[in-house]
Amino acid sequence: MEIGIDSFAAAHNESNNTVNSADALAQLLDRIEHADRSGLHVFGIGEHHRKEFLDSAPAVILAAAAARTKNIKLTSAVTVLSAADPVRVFQNAATLDLISNGRAEMVVGRGSFTESFPLFGFNLQDYNELFTEKLGLLLQIRDNEYVTWNGKFRAPLHNQPVYPRPVQDPLPVWIGVGGTPESFARAGYLGLPLMVAVIGGETHRFRPLVDLYREAGEKAGHAPEKLTVGLHSLGYVAQTSEKAVADFFPGYAETFTRIGRERGWPAVTRPHFDAQNSTRGALLVGGPEEIAEKILRHSEALGGISRLTFQMDNAGLTHEQLMESIALIGSKVIPLVNG
């Protein structure tokens, strides 16, 4: 199983104090380099257009990381394809693939925040239709040097070449999904790897949706080994479970209470957190042995996963805490999971 990190390039950490943005990005690049040296398999950068995140241009961050790393895969997590130009998305990813010598990937999705739609002049009412059309164009560009295409939301292409071409053929494109059956079925029908974001509840409850993905893929004629599943989970590893919870909970509660005010969720309480971090809960916060066991349980519950990514930098953790957690994932969690 591949194990790695997803980051939203949080602008607020160091015990919830605002860090200079340049310093925050420098620390992020240090963490990606550290993850590479520690033996992690993948590092992803999200895309948001909000004050608290510095990941509005993830391809730039990933390109900087590519120049400082040797082995780790570098991916978006996710590219908000609905509000982007698929030609430019492909060009950015292909250029990253060249810089990294074949280590680039994309996870594309519709995004859980909506600021990008008015920012780039798109109507939120076209949320689903935009993604469907743009995904089709992106895949056509990926698979063909010359593209002829016509759609509703973009000017047509008439035997137009798209450059550069990446090292990898094809460039890996994953579909990032939340909880809608249509998204799971679409990924299966297209035969694309699936990245499931489970940030709450109990992970095993996603099994019917994962089964739907695999069934749709098999009906479309895709080989079972092509229908791979990844899991994106909030988490953090410390030397002991007690320390992990003590480090993680305060910032987690602050962040998700703030987001909850926007979305109508109740404030986060410690009993709520403990339930989310229980044996079957989605959170992966604990010591190395506990977290390795939980990853294996999650994999079994979903019928087998090929990738697990931790999202840990939205809980007000310090750079030093994050660096230590990355080291523990590389030195202890990965060997326990894959041993």
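Key figures
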item	result
Elements of type helices (runs of 4 or more DSSP H) in segment 18-134, at least 1 residues being under 20 Å from the mean Cα position of the chain (by Cα) and more than 30 Å from T148 (Cα to Cα)	21-37, 58-66
Positions within segment 205-242 being small (G, A, S), farther than 13 Å from G304 by Cα and surrounded by 13 or more Cβ atoms within 10 Å (Cβ to Cβ), in sequence order	A216, G217, A220, S233, G235, A238, S241
Yes/no for A57 being touching a residue at least 12 places away in the same chain (Cβ under 8 Å) and either within 28 Å of F120 (Cβ to Cβ) or of a type outside the set (G, A, S) (or both)	no
Filtered residue count, segment 113-134, keeping only those that are surrounded by 13 or more Cβ atoms within 10 Å (Cβ to Cβ) and out of contact with any Pro (no Cβ under 8 Å at 6 or more places or on another chain)	15
Residue in segment 243-287 that is least open to solvent (accessible area, probe 1.4 Å), counting only those that are among the acidic types (D, E) and touching a residue at least 24 places away in the same chain (Cβ under 8 Å)	D247
Subset of segment 75-99 [surrounded by 24 or more Cβ atoms within 10 Å (Cβ to Cβ) and without any contact (Cβ under 8 Å) to a residue 40 or more places away in the chain]	S76, T79, V80, L96
Where a residue in segment 106-122 is within 20 Å of I141 (Cβ to Cβ) and among the charged types (D, E, K, R) and its partner, wherever it lies, is at pLDDT below 90 and open to solvent by 50 Å² or more (accessible area, probe 1.4 Å), with Cβ under 7 Å and at least six apart	R110/Y127
Flag if H41 is closer than 18 Å to M323 by Cβ, modelled with pLDDT under 95 and open to solvent by 20 Å² or more (accessible area, probe 1.4 Å)	no
Residue tally, condition more than 25 Å from G179 (Cβ to Cβ) and among the polar types (S, T, N, Q), over segment 223-272	3
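The values are calculated or read from the model by the stated rules, or taken from the named source; none is laboratory data. Just so you know, these numbers come straight off a predicted model, no measurement behind them. Cβ: placed from backbone, ideal geometry, glycine included. Neighbour counts: every protein chain shown. Side chains are part of the model used for accessible areas, which takes the heavy atoms of the whole protein and leaves out ligands, DNA and RNA. Shrake-Rupley method; radii C 1.70, N 1.55, O 1.52, S 1.80 Å.
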